[in-house]
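A short reminder: the numbers here are calculations on the coordinates, not readings from a lab. Note that the coordinates shown come from a computational prediction; the quantities given were computed from them, not determined experimentally. Heads up, the Cβs are rebuilt from the backbone with ideal geometry, glycines too, and the neighbour counts pull from every protein chain shown.
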Amino acid sequence: MLRYILRRVVQAALTVFGVVTAVFFLVQLSGDPSALLLPPDATPEDADRLRTSLGLDRPLPVQYIQFLGNALTGDFGNSFRQRTPALKLVLERLPATLELAFTAFALGLVLAFLASLVVRLTRSERLRTGLLWMAFSLQAIPTFFFGLLLILVFSVWLGWLPSLGRGTPQHLILPALTLATFELALYLRLLNSAFLQEMGQDYVRTAKAKGGSRVRVLVRHVLPNAMLPIVTIAGINLGVLLGGAIVTETVFSWPGVGRLVVQAVSQRDYPVVIACVFVISLVFVLLNLIVDLLYAVLDPRVRYA
């Protein structure tokens, strides 16, 4: 197990290094940041002085080598706009993104589990069909459009919930519900397939033959086996939520990392963009490592040499 963990840590480090390197060179293609940082009446000499002060006048390989040396110490440079360390800005926004992502993840997963268990316990084919149709319909609605619909109904028409910002639990409801709706649809489909596959296995018939009740067989025997594919998708999807809530954070003006990335890209704030990608990729690979280790807990047949 220790050898496996060390190997995965090395792979994670190489993955993060590759992602950050790719982003470093890609952001250089977005244009000269001095065009956005200087006033319209700035002279070419002003632009040259700004590029020199930001270190953008040096050859790209030299910039990259210096960037790697600083990044190893956790220094991704200062924000071009705010003149503060880029990594500090990202870490200040990270709790908001974690709050939104984990809330939406837990809400969607719990609701999907409860709905799937009710379907299996009631054996209602109409209920199963209705839930699956709802899942297909919800997945077909773009996230930004669904978020705007929630704002229109619950904030504008009913006035029950705030539509923008972060500060109270009420501010979390609409953005979390927007993301959780897509999560619910995804997990409903996965759980439906997993339950159908497991219910036909020999161990289920054996458990029933021993006199086990339907609830006991479903919860104690079927559910742990049905969770294995869900854990894989859930771990990956949680990482996607952390890095992919950009649209939702923008729609609801949620002060998270996703919104910070949008602002940094539009302002060509290279250090902030790279720091955001570094944090998101690091969290993503760590979540995947945790998911792999959970396999050994959920399935005793899995062993890591």
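How do the peptides 111-123, 54-66 rank, highest first, by the average count of neighbouring beta carbon atoms within 10 Å per residue?
On the way: 111-123: 16.8, 54-66: 12.6.
My ranking of the peptides, most packed first, is 111-123, 54-66.
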Using a simple spin-label model with points 7 Å from Cα along the Cα→Cβ vector, what separation in nm is obtained for VAL110 and SER137? 2.5 nm
(1) 1.24; (2) 0.99; (3) 1.15: which one is Cα Rg over 2.2 N^0.38 Å as calculated from this entry? (1)
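Calculate, in nm to one decimal, what ILE236 and TYR64 gain on full extension: separation in residues at 0.36 nm each, minus their alpha carbon distance. Before the final figure, lay out each step's value.
Working: separation 172, 0.36 × 172 = 61.92 nm, distance 3.02 nm.
Contour length minus Cα-Cα distance gives 58.9 nm.
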Which angle from 0 to 90°, rounded to the nearest 10, does the C-alpha axis of helix 86-122 make with the longest principal axis of the chain? 20 degrees
Where does helix 270-298 land angle-wise versus the long Cα axis of the chain, in degrees 0 to 90, nearest 10? 20 degrees
Under the 7 Å Cα-to-Cβ spin-label approximation, TYR4 and SER30 lie apart by a distance in nanometres of 3.9 nm
Between the helical axis of 223-244 and the dominant principal axis of the chain, each derived from Cα atoms, what acute angle in degrees is found, rounded to the nearest 10? 20 degrees
Report the residues of the range 245-285 in range of a label on VAL156: point 7 Å along Cα→C-beta, backbone N strictly under 16 Å from it. 251-253
Collect residues whose amide H, placed 1.01 Å from N in the peptide plane, falls under 5 Å from the amide H of ASN78; neighbours closer than 5 in sequence don't count. ALA86
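Can you tell me the order of 8-15, 19-26 when each peptide is scored by its average per-residue count of other Cβ atoms within 10 angstrom, highest first? Don't skip to the end; give the middle numbers.
On the way: 8-15: 13.5, 19-26: 15.5.
Ranked from most to least packed, the peptides come out as 19-26, 8-15.
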